[in-house]
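Read the structure below first, then the notes.
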Amino acid sequence: MQTLEYEFIAHPRILYGDCSLEEIPAELAENDACKPLVIASREAVRRKLGKTLIRAFYDSGCIIGGIYDEVRDYAGISLALNAAQLFRKRGCDAFIALGDRAAADIARAANILVSHKTDTLLPFFNGETPSRRLMPFIFVPTCCTGASAAGRTLFIDNRRLHSDYYFPDVVVTDRRMSLPCSARCAAESAILAMDNALWSIIDDNQSPMKNAFAHAALKLIGDNLSGFLKRPRDGKRALPIANAGVLASIAAANARPGIVRVLGEELEKETSIPAAVFIANLTPAALFCIQKNESPLPGDLLLAAAGMDAYAAVPTEQLGRRGAEAIIEMFESAANEIPEAAISRIPAHLLAEACNNAASREMVNFGADDAMAVLEMARQEMPWQTHDNGERK
Amino acid sequence: MTMPAYYDFCSRVKTISGENAMEKIPGLLKGLGVRRPMIVTDRGVEAAGLIDTVTEAIDGGLDIGAIYADIPVDSDYRVVDDGAAVYQNNRCDAIIAVGGGSVIDTAKGINILASLGGKSLLGCQGAGTIRRKLNPLAVLPTTSGTGSEMTLVAVIADTERQEKMLFVSHFLLPDLAVLDPRLTRTLPDFLTSQTAMDALAHACESYYCMEKNPVSDALALRAISLISEHLLPAVRNPAETSARLALANASAMAGAAFSNSMVGLVHNLGHVVGAVCHVPHGTCMSILLPYGLEYNTHRREKAIGEILFSLAGPEIYAKTPEKARPDKAVEQIRMLNEDLHNITGGKHPRFLGEIRNKDGTPAVPRSALPEIARKTMADGARLPNPEEILPEDALMVLEHAWAGIHLDRSRIRKGA
Amino acid sequence: MKKEIIGTSNKVLEVDLAARRFWVSEIPVGDRELYLGGKGMGLKLLFDRLKPGIDPLGKDNILVLTMGVLMGTGAPCSGRFEAVTKSPLTGIMVTGSCGGPFGMALKTSGWDAMVIHGKADEPVFVCVDSGGATFADAAGIWGTGTAAAQDTLLAHGSGAMVIGQAGENLVRYANIRSGSRFLGRGGIGTVMGSKNLKGIVAKGREYKIRPADKKRFDRANKRFLAHINNNPVTAGSWRSYGTNANIRISNAAGILPVRNFTAGSHGQAVKISGETMAEKFDTRHDVCKPCAILCGHRGTIRGEKRHIPEYETVTLLGSNLGIFDPEIISDFNELCAEYGMDTISTGGTIAWAMEAAEKGLIESDLRFGSDEGIAETITDIAFRRGQGAMLADGSRMASKTYGGEDFAMHVKGMELPGYDPRGAFGQGLSYATANRGGCHLSAYMVGVEAMFGMADPHALRWKPYMVKFMEDIFSAVNSLHICLFTAFAVFLEPPLIRFTPTFIIRHLNQNFSLLALNLMDASLWPELWHAVVGKRYIPYLGMRGFYKAGERAHVLERYMNIREGIAKKDDTLPRRLLDEGRTCDHEAKTVPLDSMLKTYYRLRGYDENGIPREKTLEKLGIGKQTK
Ligand code: SF4
Ligand SMILES: [Fe+2]
């Protein structure tokens, strides 16, 4: 029986589909804005996505105030300050982030700077909350978006700030924008979306709204994953997966961060190996740990991943296990494109440090030993990896 | 699930749910910069003692600027103007709306006027008037049905011109929806049942209507299971807090779902029956819902079959062959209505002919049906329905619903 | 009559601090041939002993000290010893070379190397003589600065190495002092601190070191000396002004780091140039022994006799903080010397803190251009007080917590020295590939690109070849072990180079690099080596063999780092160098690292992820147990 004690918010308006880009001017107008500053990742500009965005503005009364395209993989205050300066100089009145997570975070940070008429985020690092009236913020994810880009977290300069106002007002998933740039990127996007959805469902806060978002995401992935991995740039599959990423990050914004993601992020910090690599490799172990501790996995997993008919065919007591199997299968199929995370090659003291850091992160509900158990488990041969002669990949 | 080529979804309401949800209001409102909210409600709610419960719960955290309880059943723009004046005179900076659909709509109207400034809501009409964030609005629904806490529309009557002013804007989505079982404690059983059926209608319709999308689908299915699981217990025993909380959740989710995917035949006919015959919306919904499913089955066989999963649970779903699932779903809803009819001692009607006015006369005389059917053409819910509805179709469905018999499928005109 | 060692003793003194015991092991003959001595030998000794993945500050870390074969023979600039361990700053191997007297003392006590295991329960210092090691209680000197500690230890021998408070407090870039020279980088002093080891002192002067082939040695030595004394760098500018002779050159070439690498030159740079300081402070030589170049100087600063800050200190604690007053820089230098802290990492970390404060990432009054609070900050770092605790972990760790990673100027955790690679692309590649992290001494490409104008600083062609070539040579030179600065003389003085006009060399380097590199005559070095070890058991090495020994040491270190998780992802530069152009450079050039890196890996025999291929290791004989 689920307890319905929860808070939930899904702030972003989600636009999905072929011509959704052309909706942006209208969205801006609705927010009384007409001169957005585009914060674009270099990669997006290199792929000429900035041009596409500009073209979508041709038939509208809006003009783009400027494109700030200095963003690479790191979101730091330096870039945000520059972007804010450009915003002021050009007299802009809204932000469009085009690209990955870093572009979104620079837009969030610059938005605070201009809306609060300040040049420092220090008060916000120290706990001040941003005002309700930030500038309109539209996010157009391209590829390699990473986990939670559409969520309520501002991740800048390695600090995480949380507020409902950090949600983008609009998230646009458009075929021209949101196709993966490579097979690896495709696999990572799918993995991160699955991770967000998975741990949102496992989260002890059983908000049915959050679960609905996670469910929708997982279902979209379940329906499209295999085709997507085969042909990552086929819009029919890729777009729903990109959309799943958005939905999953909204769900995750309303749940505790999952153990695998937190651990992956902390390991990335220690080793500079991308978190997605760890997430791809550690999830089976984490699910196995949960089952070993005899904590039941919610049947919802199976329902979302495999659909009603599969779910209805499984006896109640097996729902958790079968759900885990279905999820693991999805993870493993995507993990083929991602290098193995050789946990055994990472110095033990770094692993221990990552576990400690993970356990001391905000809002987590696991301990350092739980994290360590997952790593231990990942190091061992997983029972379900043995089905094909013990050979993985 | 077939992914639509285009969809959009927006439901940016912060929802707090729980047996102590109201206690969180002060903290959350302060987070929105609120100091002096005005409570907007109606006399019925006030008489039921709910305002005391609310003020007690948020006691100390906030300075309540005013309590505006003068919202009549048939609220109109003058009520809004009055309320906004009270708001401004008391230097309030936010609204807490406590009540059902009408209170919530009025509160939205007051918020427009109070935030944008001006003397009368009449001056705020026209597309694109609302182009910025309004002042914070918290909604505490006291019925679990309309889902207005999750919608972006406000309908305010203009009695002089005999018109309804329709305001649509994302800024009309409340900032906060508070789902607390204490708010629905005093609701009589037959109202619980009818409003919940309204929510069920929202969920089911959103699952088969034209603008369905992955998010509205997921929300709708969850709402349906919550209602099918908790409605009977809640009606049987109003002290079941968890059941009532579940219904409040279902109603909010169904609200979020339908406000993004729209509603169809059930609401199309229901709106007009309600308007012409002054029948409560929930009553119309309970009666018409099975017909909505039946009327659209040939277009949405899979989706309507899937409704059975949430409605009856995986076992029954698995046992029913795929072809038979839509009918089984319809049957489940009819059974539910029957059960509700019995539990409420007949106060939950099963077909249109059965509805009585207070004086015992039939509320929907059979003779009214042609007029109703004609008027359905003008209702907005007509278009999103998967199968086209022309007046003669509406009449055909209404006749069945009047008599309480299964829809004769051969009479549905299957358009191209 | 002193006992004699002909060539090398090949004896290793191994010490276990936990058990307070020692034992003696032998350097296998094969290893001597493959790894020469110094750095190469140190790495090999560590490789054979260190488990991968251990905590550098834990009891399992091992500190190896080695000398080269030239030490004690009187060859010029041979008075240098090497330390090798796993760095607490970078988490990978760190090697360091130092010209202090400890090396000579250890060698003349009969040891070619010393290996320190375990962790003492209580602060200790170790006394070494030809009979082995004894352990003494260091409680009395725990907490003292490097000068006082060294004085105490020198009562027990002729050469000591000690740590200061920074090492004790586990500042991750604490260094080791020997004489007035330092084992500067990568926190080797921190490793000593983590072992509760305040210092080591060697009796020395117990053995005389004699080259096996005296005649051959003398002949080579004479030529070597002549080269050094002819070369305008070694005998001219560096002898007169030390490393600070570079300030003017760097400023002109736009590679002087200013304000945390936001600019490449500054109008006030002349105030901190070697020339100005020589005049202002009335400098005298103060050098490693023995040495013929004589780059180190001391002078009278604020009425005291002080060591003149080296180029890296002047840039990192000076121009890079916006400070152009040599006296103030010297104050900082003295503090760092006393606490035993790397000036480059200290300066680099403070520069990060200044920028972080400016941008609101941390609360601090440190500002570019102002010396206010810097001395206090240095002290806070040494004692891990207040914000100093965070800065004591270096800019990488601080930026992982407080942000500003884009302007944390480090590679693999080690703060960058004083050359901005946006004005010398080869140096950029070398920063990225240097085994110990942000280090200029792995290939010193700025020398080729900016100092001597022998290659276009912004050309990409052949840069990977040159970097590999220089890395191999430097690695070999550090294994001899002799001062790197002799390279100027060895390379620039042989007739072919000397009499070829620079523009032709530049042209050759740019377009026929392989040819040009192969024309370089470095035969002096292997010649010296052979003269010392003699033909006892080793076939003639020659120039190629010499280079190959360097390559072997380099790749072994890489291989050891790979075991610690290093890969292509780590062979990178701070984002500032890759993304941000500078205003002083109208073309706003940034280092095009990726294209160079690819070629470099190929040349090195690494795979595309930067991991040495099986074949490469095999070819170099790495990983094989040598007997
Ligand atoms: S040149 Fe300088 S560093 Fe090298 S040995 Fe001589 S004094 Fe020492
Ligand atoms: Fe309704």
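The values are calculated or read from the model by the stated rules, or taken from the named source; none is laboratory data. As the structure is a prediction and not an experimental result, all values here were calculated from the model. Every residue, glycine as well, gets a Cβ built from its backbone with ideal geometry; the counts of neighbours run over all protein chains shown. Only protein heavy atoms, including side chains, enter the accessible area calculation; ligands, DNA and RNA are left aside. Shrake-Rupley method; radii C 1.70, N 1.55, O 1.52, S 1.80 Å.
A few comments on the model shown:
- Measuring only protein heavy atoms, the 1.4 Å probe finds A:Arg101 accessible over about 50 Å².
- Long-range tail of P(r) for the protein assembly as shown (Cα pairs > 55 Å, %): 36 percent
- Under 5 Å between amide hydrogens, built in the peptide plane, is the criterion, and for A:Asp69 it picks out A:Ala40 among residues at least 5 positions away or on other chains.
- Set of aspartates and glutamates with alpha-carbon distance to B:Lys323 below 18 Å, sequence-local pairs under 8 removed: A:Asp309, B:Glu294, B:Glu301, B:Glu306, B:Glu315, B:Glu331, B:Asp408
- Here the 3J(HN,Hα) profile of region B:19-24, calculated from phi with Karplus coefficients 6.51, -1.76 and 1.60 at θ = phi - 60°, is 6, 10, 4, 5, 5, 7 Hz, Gly and Pro shown as x.
- Placing C:Met354, C:Met390, A:Met372, A:Met363 in order of accessible area, with the largest value first and a 1.4 Å probe, yields A:Met363, A:Met372, C:Met390, C:Met354.
- Between C:Arg298 and C:Arg284, C:His285, C:Asp286, C:Ile308, the built amide H atoms are under 5 Å apart, and every one of these is 5 or more places off in sequence or on another chain.
- Alpha carbon convex hull of region B:194-253, volume per residue in cubic angstrom: 60 Å³
- For the options B:Ala256, B:Ala114, B:Ala196, a Gaussian network treatment of chain B with springs between C-alpha atoms closer than 10 Å singles out B:Ala114 as fluctuating the most.
- Taking 0.36 nm per residue of sequence separation and removing the Cα-Cα distance, the A:Asp204/A:Thr129 pair yields an extension gain of 24.4 nm.
- q = 0.14, 0.17 Å⁻¹, region B:61-186: log10 I(q)/I(0) [Debye, one scatterer per Cα]: -0.55, -0.82
- Computed E for B:Gln88/B:Ala239 - FRET, C-beta separation, R0 25 angstrom, nearest 0.05: 0.05
- Measuring between alpha carbons in the structure, the pairs from C:Lys2/C:Lys215; A:Lys210/B:Lys414; C:Lys412/C:Lys468; C:Lys51/C:Lys615 lying more than 29 angstrom apart are A:Lys210/B:Lys414.
- Two-site FRET efficiency, B:Glu338 against B:Glu301, from Cβ-Cβ distance with R₀ of 35 Å, rounded to 0.05: 0.90
- Mean residue ellipticity (222 nm) of chain C, computed from DSSP H runs ≥ 4 via -39,500 (n - 2.57), nearest 500: -11500 deg cm²/dmol
- Chain C: antiparallel DSSP beta bridges as a percent of all, rounded to 5: 75 percent
- Anisotropy class of region C:340-420 from Cα gyration tensor, a/c 1.5 cut: rounded
- Eigenvalues of the alpha-carbon gyration tensor of region C:3-210, scaled by 5 and square-rooted, set the equivalent ellipsoid semi-axes at 23, 19, 15 angstrom, largest first.
- Whole-Hz couplings from phi, Karplus 6.51/-1.76/1.60, listed for region A:151-159; x for Gly and Pro: x, 9, 10, 9, 10, 9, 6, 6, 10
- Gyration tensor (alpha-carbon) shape descriptor, region C:233-415, a/c threshold 1.5: prolate
- Largest GNM mean-square fluctuation across B:Leu166, B:Leu183, B:Leu395, computed for chain B with C-alpha springs under 10 Å, falls on B:Leu166.
- In this rough spin-label picture, where each label sits 7 Å from Cα along the Cβ direction, the A:Ala342-C:Glu372 distance is 5.2 nm.
- Between A:Ala149, A:Ala359, A:Ala193, the GNM of chain A built on Cα springs shorter than 10 angstrom shows A:Ala359 fluctuating the most.
- Between C:Lys619 and A:Arg160, the distance separating the two model label sites (each 7 Å from Cα on the Cα→Cβ line) works out to 4.6 nm.
- If R0 is 25 Å, the Cβ-Cβ spacing of C:Lys289 and C:Asp48 corresponds to a FRET efficiency of close to 0.20.
- Positive-end residue, chain C charge dipole about Cα centroid, Cβ charges, pick of C:Ala212, C:Thr95, C:Gln387: C:Ala212
- Amide H contacts under 5 Å for A:Phe95, placed H, 5+ residues apart: A:Leu37, A:Phe137, A:Ile138
- Toward the positive end of the charge dipole of region C:233-415, with +1 on the Cβ of Lys and Arg and -1 on the Cβ of Asp and Glu, the farthest Cα among C:Gly236, C:Met341, C:Asn251 is that of C:Gly236.
- Linear extension gain, C:Asp282 paired with C:Ser25, 0.36 nm per residue minus alpha-carbon span: 87.7 nm
- Calculated P(r) of region C:421-620 - Cα pairs past 25 Å, %: 38 percent
- Lysine pairs within region B:14-183, Cα separation less than 15 Å, 8 or more sequence positions apart or different chains: 5
- Extension reserve of the C:Ala155-C:Asp607 stretch, reckoned as 0.36 nm per residue once the Cα distance is removed: 157.5 nm
- Ellipsoid equivalent to region A:184-392 - semi-axes via the Cα gyration tensor, in Å: 24, 19, 18
- Spacing of the modelled spin labels on A:Ala313 and A:Arg46, each 7 Å from Cα toward Cβ, amounts to 4.6 nm.
- Using distinct alpha-carbon pairs, which all enter the 1/r mean, Kirkwood radius of region B:189-411 in Å: 17.0 Å
- Hull-based mean projected area of chain C, where the convex hull spans the alpha carbons, in square nanometres: 24.6 nm²
- Scattering curve values for chain B, log₁₀ I(q)/I(0), Debye with Cα scatterers, q = 0.08, 0.11, 0.12 Å⁻¹: -0.41, -0.79, -0.94
- Along region B:204-210 the Karplus relation, 6.51 cos²θ - 1.76 cosθ + 1.60 evaluated at θ = phi - 60°, assigns HN-Hα couplings of 5, 5, 5, 6, 10, 7, 4 Hz to successive residues, with x for each Gly and Pro.
- Beyond 18 Å in Cα-Cα separation lie the following of the pairs C:Lys400/C:Lys568; C:Lys11/C:Lys208; C:Lys3/C:Lys203; C:Lys11/C:Lys203; C:Lys86/C:Lys619: C:Lys400/C:Lys568; C:Lys86/C:Lys619.
- Prolate/oblate/rounded label for chain A (Cα gyration tensor, a/c 1.5): prolate
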